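K.L.:
Just dropping this structure here.
The values are calculated or read from the model by the stated rules, or taken from the named source; none is laboratory data. All values reported here derive from a predicted model rather than from experimental measurement. Here Cβ is always computed from backbone atoms with ideal geometry, including for glycine, and neighbour counts include all displayed protein chains.
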Amino acid sequence: MRLTDISVRNLTAPEKGQADYRDDTLPGFMCRVSQGGTKTFVLVHGKDRRRTSLGRYPIIGLADARAAAKRILAERTLGKHQAPRQTFKEALDAFLTYHEANNRPGTTSEVRRILTKQFTSLHRHQLAEVTTHDLTRITDRMMEGGHPSAANHAHMAVRNYLHWCVRRRLLQHSPLEGLERPATIASRERVLTDEELCRVWWAADRTAHHFGVIVKLLILTGQRRGEIGSLQAGYITDNSICLPSEMTKNRRTHTFPIGPTAAAILSSNTTTGTTTVFPARGKPTQPFNGWSKAKAQLDQKAQIAPWTLHDLRRTYATGLQRLGVKLEVIEALLNHVSGTRAGIIGVYQRHHYQDEMREAVERWENHLRTILEMRKDEELTAAVAQP
């Protein structure tokens with residue numbers, strides 16, 4: 001039969017299942033009518049007789065559906081084949097396998113968490129049918145809930161996933177193409193004062209499980225939280241730590257000295273026969289992962305202005321500068337390759353500053369010891385002076 005507006009409107013529903021009414025004027029083009037009376041335009045095409053849904057009537061009219069069918073057939077004729085139909089979840093599984101093989105475990109774990117948890121509502125959708133609105137609705141809810149940073153991370157993760165889909169020809173273009181991040185967040189400049197640093201240290205003393213120890217080591221070493229939280233016993237010697245390249249942000253092995261205080265803390269918290277120094281609760285082979293809950297508990301004890309664990313790294317670098325440590329030594333301690341260690345200097349300058357770094361670490365530990373004792377004496381004096 002030749003499908004017309006009148007004939008489509010009058011197509012009858014079958015008693016059971018569904019019926020296909022084929023259009024004699026365009027091969028493979030038809031209107032499928034379900035038992036409940038739903039009418040859907042469909043195109044069957046290709047050697048594998050793939051069925052492509054063009055839309056439901058009357059939301060999609062006959063003329064628009066026929067035009068879409070002709071465009072698909074023309075693209076096949078010109079060699080512009082359609083991408084294979086996959087759900088959001090099917091393509092995501094392939095992306096995460098690729099991501100895991102090309103990125104650090106910690107990075108992949110965070111990307112997996114975001115894309116599987118935050119975008120669960122899209123997992124059963126056909127990948128090609130996911131719209132910009134579907135995606136922005138999710139990040140908008142995060143913004144409305146007061147979580148701009150989480151919204152940005154979700155946006156970045158799903159944007160990278162969709163770009164990968166485009167590169168693999170699973171999509172013709174990304175629904176997020178041209179969209180900026182949901183929130184504009186100024187770069188942080190928070191540096192803790194000596195008094196705040198003491199408060200955080202004392203709060204860490206009263207924080208259960210591994211988190212308090214991790215915070216102390218972040219203060220003492222200036223390393224990233226994931227690097228300290230994922231420490232393995234084999235990375236530690238009596239007076240230094242060597243992080244393998246797969247653990248560091250810049251994928252460079254990082255060896256740095258530790259002072260007596262850090263060494264004593266690690267010695268008292270490393271159990272013989274265990275590999276992971278700070279294992280997750282109930283999971284001895286996995287690194288510590290209860291960051292948010294533990295940080296909230298520590299904040300209740302410290303009672304200082306809002307801060308993040310990464311602020312301890314900035315505080316460490318600023319403190320060393322105040323103590324007269326050269327910038328290139330600070331960058332070596334932080335495992336930075338920008339600034340004084342970038343470009344041609346980084347290629348030809350192979351001095352590792354081990355002696356200078358050890359001296360800087362000793363200065364920092366002495367400074368911490370001094371301010372902790374001074375603040376403790378001040379608190380005792382104030383307590384005695386009270387009536």
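K.L.:
Have a look at Thr120, Thr136 and point out the one that is in contact (Cβ under 8 Å) with a residue 40 or more places away in the chain, over 28 Å from Pro244 (Cβ atoms) and outside the structural domain of Arg22 (by TED's automatic domain parsing).
P.N.:
Every option except Thr136 fails the conditions.
K.L.:
Restricting the stretch 197-228 to residues that are under 19 Å from Arg252 (Cβ atoms) and free of Cβ contacts under 8 Å to residues at least 60 places away in the same chain, which is surrounded by the fewest Cβ atoms within 10 Å (Cβ to Cβ)?
P.N.:
Glu227
K.L.:
Tell me the residue from Val200, Val191, Val215 that is closer than 24 Å to Ala305 by Cβ and assigned to a loop (DSSP other than H, G, I, E, B), please.
P.N.:
Val191
Listed here are the residues, each with its yes/no results for (1) in contact with a helix residue (DSSP H, G or I) (Cβ under 6 Å, 6 or more places away or on another chain); (2) touching a residue at least 60 places away in the same chain (Cβ under 8 Å); (3) polar (S, T, N, Q).
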{"residue": "Asp238", "(1), (2), (3)": "no, no, no"}
{"residue": "Phe256", "(1), (2), (3)": "yes, yes, no"}
{"residue": "Arg314", "(1), (2), (3)": "no, yes, no"}
{"residue": "Ala317", "(1), (2), (3)": "yes, yes, no"}
{"residue": "Gln321", "(1), (2), (3)": "no, no, yes"}
{"residue": "Leu333", "(1), (2), (3)": "yes, yes, no"}
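K.L.:
Of all residues in the stretch 301-337, which are of a type in the set (Gly, Ala, Ser) and touching an Asp or Glu at 6+ places or on another chain (Cβ under 9 Å)?
P.N.:
Result: Ala302, Ala305, Ala317, Gly319, Ala332.
K.L.:
Hey, can you tell me all the residues within the stretch 310-328 that are farther than 15 Å from Trp201 by Cβ and either surrounded by fewer than 20 Cβ atoms within 10 Å (Cβ to Cβ) or among the small types (Gly, Ala, Ser) (or both)?
P.N.:
Result: His310, Arg313, Arg314, Ala317, Thr318, Gln321, Arg322, Leu323, Gly324, Lys326, Leu327, Glu328.
K.L.:
Filter the stretch 1-38 for residues that are part of a loop (DSSP other than H, G, I, E, B) and of a type in the set (A, V, I, L, M, F, W, C) and give the result.
P.N.:
Met1, Leu3, Leu11, Ala13, Leu26
K.L.:
Turning to a different aspect of this structure: Find the residue count for the stretch 28-54, including only residues that are surrounded by fewer than 13 Cβ atoms within 10 Å (Cβ to Cβ) and touching a residue at least 12 places away in the same chain (Cβ under 8 Å).
P.N.:
Of the residues in that region, 4 qualify.
K.L.:
If we scan the stretch 147-167, do we find a residue that is in a loop (DSSP other than H, G, I, E, B), closer than 25 Å to Gly290 by Cα and not aromatic (Phe, Trp, Tyr)?
P.N.:
Yes, some residue in the stretch 147-167 is in a loop (DSSP other than H, G, I, E, B), closer than 25 Å to Gly290 by Cα and not aromatic (Phe, Trp, Tyr).
K.L.:
Confirm whether Lys249 is crowded, with 20+ Cβ neighbours inside 10 Å and either part of a loop (DSSP other than H, G, I, E, B) or out of contact with any Cys (no Cβ under 8 Å at 6 or more places or on another chain) (or both).
P.N.:
So Lys249 does not fit the description; no.
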